[in-house]
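Below is one structure, written out as structure tokens; the observations come after it.
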Amino acid sequence: MILMVARLTICLKISLSLCCNPRCRKVLSFRVSNTMDNSFYLEALEEAIARYGTPEIFNTDQGSQFTSDAFTSTLKEHNIRISMDGKRSWRDNVFVERLWRSVKYEEVYLKAYETVTETRRSIGIYLNFYNTERPHSSLDGIPPDHFYYNNLLPLPMAA
């Protein structure tokens, strides 16, 4: 599994961080914050690992949040290979860029959030819709959750 993370600055200097699986387009975890502090990026990463397992590769851009000792140490502790995009190389992270487009045009640009709490709640509702109901052409019209759960590797049989 490859795990991708990125950030999006919304309004009111609010940032959204999320982890997604590019194979199935599923958002595995997200956090909304009004600071650029590392902790909320780490929380999103740790939740994704706790809920969905340790990925083989972690891909992100070269933002200071992702190149910090705290962040890279967490990846190394889990034996996750680190893949950083080149500068101005949006194609390296095209799956997350496409997700950002959906989040912006289907949620953020349609709302006028007044608080961080309201932003977090509303984006959470949207991301739940994105995972469970929104059809994806790259997945033959099915939502990410359906693709993810229908394509899990089988567990090994007990002896």
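Within the stretch 21-39, the set of residues being at pLDDT below 80 and hydrophobic (A, V, I, L, M, F, W, C) comprises just one member, Met36. A count restricted to the stretch 24-62 and to residues that are closer than 30 Å to Ser137 by Cβ and crowded, with 18+ Cβ neighbours inside 10 Å stands at 19. Just one of the numbered conditions (1) modelled with pLDDT under 80; (2) assigned to a helix (DSSP H, G or I); (3) surrounded by fewer than 20 Cβ atoms within 10 Å (Cβ to Cβ) is not true of Gln65: (3). Within the stretch 68-83, residues that are in contact (Cβ under 8 Å) with a residue 12 or more places away in the chain and under 12 Å from Glu46 (Cβ atoms) reach partners that are β-branched (Val, Ile, Thr) and in a helix (DSSP H, G or I) with beta carbons closer than 8 Å, at six or more positions or on different chains, in the pairs His78/Ile49. On the stretch given as the stretch 97-111, residues that are more than 12 Å from the chain's Cα centre (by Cα) and among the acidic types (Asp, Glu) total 2. Could you list, in sequence order, the residues of the stretch 68-97 that are part of a helix (DSSP H, G or I), modelled with pLDDT of 85 or more and either surrounded by fewer than 18 Cβ atoms within 10 Å (Cβ to Cβ) or of a type in the set (S, T, N, Q) (or both)? Once the filter is applied, which keeps residues that are part of a helix (DSSP H, G or I), modelled with pLDDT of 85 or more and either surrounded by fewer than 18 Cβ atoms within 10 Å (Cβ to Cβ) or of a type in the set (S, T, N, Q) (or both), the stretch 68-97 yields Asp69, Ala70, Thr72, Ser73, Thr74, Lys76, Glu77.
The values are calculated or read from the model by the stated rules, or taken from the named source; none is laboratory data. Bear in mind that the values here come from a model prediction, so they are computed numbers and not experimental data. In this analysis, Cβ positions are derived from the backbone assuming ideal geometry, glycine residues included, and neighbour counts consider all displayed protein chains.
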